[in-house]
1. Enumerate the helices (runs of 4 or more DSSP H) found wholly within the stretch 221-280, keeping only those where 2 or more residues are open to solvent by 80 Å² or more (accessible area, probe 1.4 Å).
2. Is it the case, given these coordinates, that GLY187 is of a type outside the set (Val, Ile, Thr) and free of Cβ contacts under 8 Å to residues at least 40 places away in the same chain?
3. Mind checking whether some residue in the stretch 192-207 is touching a Pro at 6+ places or on another chain (Cβ under 6 Å) and surrounded by 14 or more Cβ atoms within 10 Å (Cβ to Cβ)?
4. Based on what the data block shows, is ASP122 open to solvent by less than 50 Å² (accessible area, probe 1.4 Å) and more than 20 Å from ALA56 (Cα to Cα)?
Amino acid sequence: MNAMSFSDMGLAALKQRQYDAAINMLRQALGEDMDNLDARFGLARALHEKGSIIEAIGEYRTVLQSDGGHEDCLHHIARALLENGDPRSALNHIDIVLRGKPTDPDMLALRAQALIALERYDAALSALQSASHHNPGSETIHRLIAKCHRANEDFESERRAVEQLLRINPSSLAASNDLGVINLREGHLIAAFEAFEQILSQNAEHPQATLNRAITLTVMGGMDHDAIWNRVMEVCDEIDGLDETRAQADQLAKLPDAARKGTAEADALISRAAFEDIDI
């Protein structure tokens with residue numbers, strides 16, 4: 001079997017999200033022809049999607065050594081660098097693409113994510129406003145705008161951004177969860193609870209809504225505390241700091257139901273309410 005056949009099979013496996021098969025085939029293709037850029041980029045993508053970020057970045061860099069203007073590679077290495085905690089390097093690659101495509105909404109949104117990681121929120125908002133102009137219905141862009149306002153403690157603007165997204169896309173579970181967290185933070189417990197219940201009626205395994213519903217019910221009191229939090233521990237393992245959150249909930253539950261809201265313990269627990277991740 002020649003290198004092109006291995007390459008074709010590997011790229012087909014990548015398209016089908018069969019990452020282990022793709023990695024195996026594409027490495028065989030590169031063993032026959034180290035200069036096969038399609039196979040090299042495909043290998044980088046497969047490694048990236050499998051979670052082997054460092055290896056993926058190395059392969060992306062090899063592609064860029066041969067083709068410094070490879071837009072897809074620049075895009076995906078920027079994503080990988082962001083995921084690996086290197087937003088400054090990500091920005092360098094993003095800006096190369098934006099020099100040729102200054103209005104590309106996906107790259108502008110990616111640039112904003114790098115700027116947010118660098119705590120440059122005003123610059124991020126500027127990029128997002130431009131991105132929104134060119135892709136006005138994007139959930140990612142609206143949620144990033146809300147995130148910037150939240151980081152700036154401009155909570156009114158955060159709420160407006162989320163509510164605008166829900167007007168555009170009323171079925172967005174991520175936006176509904178965002179609004180639920182906002183209501184929880186502002187003390188609107190019934191509205192928050194209703195938002196999380198609605199999400200869970202559509203996706204019973206939604207981790208953020210499961211956690212946030214439990215937080216809300218713990219602040220409200222009057223429920224089976226252990227049953228609620230045992231469910232959280234079953235479905236929310238992807239959320240960081242879960243053991244600490246449970247410990248805070250257990251501490252709050254020691255207070256009488258009517259004496260919980262507005263306490264330091266309640267505020268500490270509410271601060272751990274989870275927003276759904278925004279994809280890079």
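The values are calculated or read from the model by the stated rules, or taken from the named source; none is laboratory data. In this text the structure is predicted, and so the values were computed from the model without any measurement. Please note: Cβ atoms are built from the backbone with ideal geometry, for glycine as well, and neighbour counts cover all protein chains shown. The accessibility values were calculated without ligands, DNA or RNA, using every heavy atom of the protein model including side chains. Shrake-Rupley method; radii C 1.70, N 1.55, O 1.52, S 1.80 Å.
1. In the stretch 221-280, the matching helices (runs of 4 or more DSSP H) lie at 225-235, 242-252.
2. So GLY187 does not fit the description; no.
3. no
4. no
For every residue, the table says whether it meets (1) open to solvent by less than 50 Å² (accessible area, probe 1.4 Å); (2) farther than 11 Å from GLY10 by Cα; (3) not hydroxyl-bearing (Ser, Thr, Tyr).
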{"site": "MET25", "(1), (2), (3)": "yes, no, yes"}
{"site": "GLY31", "(1), (2), (3)": "no, yes, yes"}
{"site": "ASP38", "(1), (2), (3)": "no, no, yes"}
{"site": "ALA46", "(1), (2), (3)": "yes, no, yes"}
{"site": "LYS50", "(1), (2), (3)": "no, yes, yes"}
{"site": "ILE53", "(1), (2), (3)": "yes, yes, yes"}
{"site": "VAL63", "(1), (2), (3)": "yes, yes, yes"}
{"site": "SER66", "(1), (2), (3)": "no, yes, no"}
